[in-house]
1. Can you tell me the FRET efficiency between R204 and L98 if r is taken as the Cβ-Cβ distance and R0 is 30 Å, rounded to the nearest 0.05?
2. Multiply the residue separation of E86 and H20 by 0.36 nm, subtract the distance between their alpha-carbon atoms, and state the gained length in nm to one decimal.
3. On a full-extension model of 0.36 nm per residue, what is the gain between A255 and A240, subtracting their alpha-carbon distance, rounded to one decimal in nm?
4. Hey, rough spin-label estimate for A172 and R262, points 7 angstrom out along Cα→Cβ, what's it come to in nanometres?
5. Going through the stretch 3-75, which chymotrypsin sites (Phe, Trp or Tyr not before Pro) have at most 12 other Cβ atoms within 10 Å and a DSSP loop state?
6. Could I have the simple spin-label model distance between E109 and R220, label points 7 Å from Cα toward Cβ, reported in nm to one decimal?
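Only the coordinates and a few stated rules stand behind these numbers; no lab work does. As the structure is a prediction and not an experimental result, all values here were calculated from the model. Cβ placement follows ideal geometry from the backbone for every residue including glycine, while neighbour counts extend to all protein chains displayed.
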Amino acid sequence: MARNPQSGQRLRPVDLARGHGLSTQAVRNYEEAGILPAAARTPHGYRTYTPLHAAALRAFLALVPGHGHQTATSIMRAVNEDATDEAFRLIDTSHAQLLDDRRTLQAVENALRDLEPVTTPEPDTDPGSNSSFNTDSGSGSGSDSGSGGTFIGPLAQKLGIRPATLRKWERAGLVRPRRDPVTGYRVYSEADVRDARLAHQLRRGGYLLEQIAPLLAQVRAAGGLEPLEAALSDWRGRLAARGRAMLTGAAELEAYLRARCRPDRPV
């Protein structure tokens, strides 16, 4: 099918659909959604399309992988309504989101790289005998619970944050310490310490709790940091694919914009 519009060429819905593995109903739906310009009608009411419609369809299908179906639809609708500034704004927003996702990935990779191996310290005192441990603040000198974990006070001190911050992170699902059955104190396992340190790195990078929580859930599901490398590699690959898809979509959209500007464009 020729890429440049030819004013005398008329296409049926099936002609547009066939080249892209679509149904004719999908083509009609795209027209009704504003993705394609309005079709002309024969005296008997049948839709007829032109190469301009074919260019619009190519542009839309090329935009979807990089921008998503909803945004691609909004872009095409704006173009077809001659609101190109709005179309460009939508494209800019998608690129800004991709850049933000890249920065998030970089922050995660930096945080993982900065994490030191987590080890459970040997208990140097018995927190149960220390009067400073009469609350969950864990302000005593003991860093270990005596049963394979760390209390909130020593962990907060090590991270340079307040115990209240750790409690806030717990409410947000970032850390999930168990409770000592005797004292009721929060006890942080090695995995909890790892999650707290990763959360601390990301918070220092300016990320919100609601952005950090899904990542930590992924770390837990992966069973630790090492298995997460595969997920991070996949993440990098998907971001690269989105970037290339945006380039492809931009090229097809530019071709469609040029076609619309032709003085002899079919209507």
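1. Once rounded, the FRET efficiency stands at 0.80.
2. Extra length from E86 to H20 when fully extended: 21.0 nm.
3. Length difference between fully extended and current span is 3.1 nm.
4. Here the modelled spin labels are 5.4 nm apart.
5. Passing both the DSSP loop test and the Cβ count: Y46.
6. Label at E109, label at R220, 2.7 nm between them.
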